[in-house]
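Novice: One structure, pasted below without further comment.
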Amino acid sequence: MRFSLFVLSAFCLLFVSCGKKKEVKKPLPKVYAAYAAKKTVPYYLEGIGHVRAYNSARIKSQIEGYLEVIHYDQGKDVNKGDILVTIDPDNYKAKLEESEGELEQSKAQLRFAEEKVIRYTKLVEDDYVSKLNYDEYVSNFQALLGTVKRNQGSVDNAKTNLNYCYIKAPFTGRIGKKLIDIGNLVQNDGSTLLIVNQLQPIYVDFSLPEKQLSRILKKQKKENLTVRVHIPEVEVVEEEGELIVVSNDVDETTGMVPLRAEFKNKDELLWPGQFAKVRLILKDVEDAVLVPEKAINLGQKGMYVEVVEADNIVKFKYVDVGETYGDLVVIEKGIDVGELVITTGQIQVKPNAPVNVVKVDDDILKQFKEW
């Protein structure tokens, strides 16, 4: 009997011992975090556009003749007034000499006719010659006067045509590629001989939505507006210029307002025809709060960040998000500078629960990029 009680007691103790489970403490979620920082950033309107030459001329001939000399080097700069090409001038020189000869002949005839009229004026008053003869002399003088004017016009026209043989640069700029070779017949039919573009300064044409028009006009009345341009895939091309034109109408088909900015383009990094990203700067926001963009989460009530507070307890805070600069984003409302926000590992985090912060970035501004 005693043996049975002993066995029963041992069995019960064994059962109780096996029924107790060892409690395992769950590890805290591991997260990376960063401190919110402050920086003065531009508030802008962004659009896309294209670079346009300040001046662009398609050089064409106003006369017909054979191309005799090309004076320019392809792809090089020329100054205003430089001779670009010469069209064979021989025929036009000959025409000028012919016209000048006819002019001198008619002038001599005019002088003789004028002297005759002067001489016969006294004679007709004294009735030594008839009034009819006198009228003929006056009529001949007037006709010769017209001939002189006509011949003078022919001389002027011949000089103009001769000058057209020497085609000059209309402004300082950059020559493009050669479009016609020496020896070819040039005609005044509108064919382009070469193209000259002025690169300094230079324009960027872009558009913004019409809903922004009133803001732009109000701001422009107070001050000159800065425009910054970036050429995609060419990181070094970032230029700053000035808004000079707001179009006097809105494009009805697109609802966009055409604008134009002017840039000095000192290094000639902006090139006609390039696609450009454009930002019209409306103001600079001082002490803007910045956090890494990857710290932003989307919830049912909007955007929020996970903030690590005392004792590594996490609070979820909803925020108003502004512009993006590189990997950073502006927080317009919701948190302050210096707050620690989680940037990696958010999916495991619960509000009002502790976390294990394994890495902290205390200098996020190194990630700041305006484009």
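Novice: Express in whole angstrom the spacing between the alpha-carbon centres of the stretch 287-309 and the stretch 188-229.
Specialist: When both Cα centres are located, 37 Å separates them.
Novice: Given contacts defined as C-alpha pairs under 8 Å and at least six residues apart, what's the relative contact order of the chain, whole-number percent?
Specialist: Contact order relative to length: 28 percent.
Novice: Hey, what number do you get for the chain at 222 nm if only DSSP H runs of n ≥ 4 count, each worth -39500 (n - 2.57), divided across all residues, to the nearest 500?
Specialist: Result for the chain: -9500 deg cm²/dmol, rounded to the nearest 500.
Novice: Not counting the cut sites, what is the longest span of the chain without trypsin sites (Lys or Arg not before Pro) that DSSP labels loop and that have at most 16 other Cβ atoms within 10 Å? Display every interim value, and only then the final one.
Specialist: Values: sites that count: Lys20, Lys21, Lys22, Lys25, Lys76, Lys80, Lys177, Lys178, Lys264, Lys266, Lys301, Lys369.
After excluding every exposed loop site, the longest remaining stretch is 81-176.
Novice: Alpha carbon centre of the stretch 128-187 versus the stretch 42-98: separation in Å?
Specialist: Taking the Cα centre of each part, the stretch 128-187 and the stretch 42-98 sit 24 Å apart.
Novice: Mean Kyte-Doolittle hydropathy of -1.0 or higher plus an axial Cα length of 24 Å or more: which whole DSSP H helices in the chain meet both? Provide the component values of the computation, followed by the final result.
Specialist: Details: long enough: 2-19 (26 Å, 1.91); 90-125 (53 Å, -1.10); 131-164 (50 Å, -0.83).
Helix filter hits for the chain: 2-19, 131-164.
Novice: Turning to a different aspect of this structure: With +1 on the Cβ of every Lys and Arg and -1 on the Cβ of every Asp and Glu, and nothing else charged, how large is the dipole of the stretch 124-194 about its Cα centre, in debye rounded to the nearest 20?
Specialist: Taking the Cα centre of the stretch 124-194 as origin, the dipole is about 980 debye.
Novice: Straight-line reach only, C-alpha to C-alpha below 24 angstrom: list the lysines that Lys93 could link to, leaving out same-chain residues fewer than 8 apart.
Specialist: List returned: Lys60, Lys107, Lys149, Lys159, Lys168.
Novice: Using amide H atoms built in the peptide plane, which far-off residues or other-chain residues are under 5 Å from Asp82 H to H?
Specialist: So Asp82 has HN proximity to Ala169.
Novice: Follow-up question, since we're still on this one. Set the bar at 23 Å for Cα to Cα. Now go through Lys39/Lys264; Lys26/Lys315; Lys25/Lys317; Lys38/Lys283; Lys219/Lys317; Lys39/Lys301 and name every pair that lies beyond it.
Specialist: Going by Cα-Cα distance, Lys39/Lys264; Lys25/Lys317; Lys219/Lys317; Lys39/Lys301 fall outside the 23 Å limit.
Novice: For each of Glu102, Glu97, count neighbouring Cβ atoms within 10 Å of the residue's Cβ, then give the residues from fewest to most.
Specialist: Exposure proxy ranking, most exposed first: Glu97, Glu102.
Novice: Less than 12 Å Cβ to Cβ from Lys76, Lys/Arg counted +1 and Asp/Glu -1: what total charge do the surrounding residues give?
Specialist: 0
Novice: Dipole of the chain (Lys/Arg Cβ +1, Asp/Glu Cβ -1, origin at the Cα centre): which of Tyr325, Leu194, Gly81 lies farthest to the positive side?
Specialist: The Cα lying farthest towards the positive end belongs to Tyr325.
Novice: Summing +1 for each Lys or Arg and -1 for each Asp or Glu, what net charge is found among the other residues whose Cβ lies under 11 Å from the Cβ of Gly345?
Specialist: Local charge sum for Gly345: +2.
Novice: Scan (i) 123; (ii) 139; (iii) 287 for the value of volume of the Cα convex hull per residue in Å³ calculated from this model and give just the label.
Specialist: (iii)
The numbers here are math on the coordinates, done by the rules we state, and not lab data. None of these values were measured; they are calculated from a predicted model. All Cβ positions, glycine included, derive from the backbone under ideal geometry; neighbour counts span all protein chains shown.
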